[in-house]
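The values are calculated or read from the model by the stated rules, or taken from the named source; none is laboratory data. Remember, predicted model here, so these are calculated numbers, not experimental data. For neighbour counting, all protein chains shown are included, and Cβ atoms are generated from backbone atoms with ideal geometry for every residue, glycine included. To get the accessible areas, we keep the full protein, side chains included, count just its heavy atoms, and leave off ligands, DNA and RNA. Shrake-Rupley method; radii C 1.70, N 1.55, O 1.52, S 1.80 Å.
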Amino acid sequence: MSIQDLVATWFEFWTTGNFEDLPLAEDFTHSSPYGKVEGKEAYLNLARANKEAFTGNTFHIHETIFDEYRGCIRYTMKSPTGALEVSEWIYETNGLISKIIAYYNLQEERAAGRGIKIDP
């Protein structure tokens, strides 16, 4: 799968709530201002624990930049508790998403309102 296809699938699966089928490499890593999650299963466990907050949102893609194995996506995610501005670098290896580096600021109060658990 190309990086463009992987990015489209990433957003489609979060919109539909079908995150269990995300095309993630076994050694997938997700880094954000709130820490790093290492491994596909660890990431899916985090998503399962926060399913209500992570799914059913809408995404407005503002712009994308792609090269052969990575893409940068700037978007607004809208949820019942408000909007969140995000920029992500998504990396592809062997047709799977191998790494995401996400940039956003999730205020602790807003995170609690969405049911997201943030480690201090």
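With the full set of protein chains in place, find how many percent of the accessible area of the chain is carbon and sulfur; take the probe as 1.4 Å. The computed percentage sits at 51.
About its Cα centre, the dipole of the chain is roughly 380 debye, where the only charges are +1 on Lys and Arg Cβ and -1 on Asp and Glu Cβ. Residues in the chain average 56 Å² of solvent-accessible surface per residue, probe 1.4 Å, ligands and nucleic acids excluded. Seen from residue 71, the other residues with C-beta closer than 12 Å to its C-beta sum to a net charge of -3, counting Lys and Arg as +1 and Asp and Glu as -1.
Rounded, prolate or oblate: pick one for the range 37-109, where a ≥ b ≥ c are the square roots of the eigenvalues of its C-alpha gyration tensor, a/c under 1.5 means rounded, and failing that, prolate if a/b is larger than b/c, else oblate.
The shape class here is oblate.
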